[in-house]
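> Got a structure for you, questions after.
The values are calculated or read from the model by the stated rules, or taken from the named source; none is laboratory data. The structure displayed is predicted, hence computed values, not measured ones. Glycine also receives a Cβ, built like all others from the backbone with ideal geometry; neighbour counts cover every protein chain displayed. Only protein heavy atoms, including side chains, enter the accessible area calculation; ligands, DNA and RNA are left aside. Shrake-Rupley method; radii C 1.70, N 1.55, O 1.52, S 1.80 Å.
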Amino acid sequence: MKKIIDGYHLYIEDKGTKDIIFWIMGEHELKYWDEITSQVSCSLAGLVCHDWNRELSPWKVSDVKEFQSFSGGGEQFLQFLDSQVIPYLQTSCRRLYIAGYSLAGLFSLYAFHQSQLFAGAISCSGSLWYPGFYDFVRKHPVYHKKIYLSLGNKEHCTRHPVFSVVKTKTKQLAQFYQRDNNCLLFFEQGNHFQNVDQRMIRAMNWLASKEDE
């Protein structure tokens, strides 16, 4: 099923499960929708964002030249989700999780900390190198939640001084989350662009598992 909300396309595969995973997507990820929904055990909703760098960046990055398009529209985008999209998905007896890949993985954690609506979050190959993000998480802790982090084992192999810290930052976040939450950090094989669909399937099925009930 597809619904259009204020110009945004929302795809829904409702399997009648207690859990709903809310996947923040780029248009380039729509090619994975059928494959992922066929292999994920719970209900899934996917919203296609309009402006990847603006909407999914939690705050503006101005001191790194190639990141100037990260203009910090995350707060405004989250307000739109909270007011117009999430009420459409959520009912009192269903748990809502948020998920994303790459910059959307960063945004999913940002939204997770800013909103009380999510029972857990997925950040697959998340842009957790983002300047200031680890400090943000430490200042906005979450408790008794379910969190899945993953990273390709070659993603940190770059000469770029910002991107190269992604493994260190991801491990720091996992250690911080694991103090008070059920958090799994999984290292995938390969670089940032490999097996995106399988990485998301693995994450979603873990998040929706009943082992913690």
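> Projected onto the charge dipole of the chain (+1 at Lys/Arg Cβ, -1 at Asp/Glu Cβ, origin at the Cα centre), which of 168, 189, 114 gives the Cα projection farthest towards the positive end?
Sorting the options by dipole projection puts first 168.
> Output the relative contact order of the stretch 1-115, whole-number percent, from Cα pairs under 8 angstrom with separation of 6+ residues.
Rounded, it is 29 percent for the stretch 1-115.
> Let me have the relative contact order for the chain, percent, based on Cα pairs under 8 Å that are six or more residues apart. Working shown, then result.
On the way: 391 pairs, mean separation 37.5, N = 213.
Normalised by residue count, the contact order of the chain is 18 percent.
> Using a Gaussian network model of the chain whose springs link C-alpha atoms within less than 10 Å, name the residue from 171, 154, 139 with the highest mean-square fluctuation.
Of the options given, 139 has the highest mean-square fluctuation.
> Which residue fluctuates most in the GNM of the chain (Cα springs below 10 Å): 182, 195, 53?
195
> Go through 69-81, 19-31, 1-13 and give me the packing order, highest mean Cβ count within 10 Å leading. Intermediate results must be reported in sequence, preceding the final value.
Details: 69-81: 17.4, 19-31: 19.5, 1-13: 12.9.
Put in order of decreasing packing, that is 19-31, 69-81, 1-13.
> Further question on the same structure: Among 175, 116, 189, which one shows the biggest mean-square fluctuation in a GNM of the chain, springs joining Cα atoms closer than 10 Å?
116
> Please give the per residue accessible area of the chain, computed with a probe of 1.4 Å over protein heavy atoms only, in Å². Don't skip to the answer; put the middle values down first.
Numbers: 9920 Å² over 213 residues.
Per-residue value: 47 Å².
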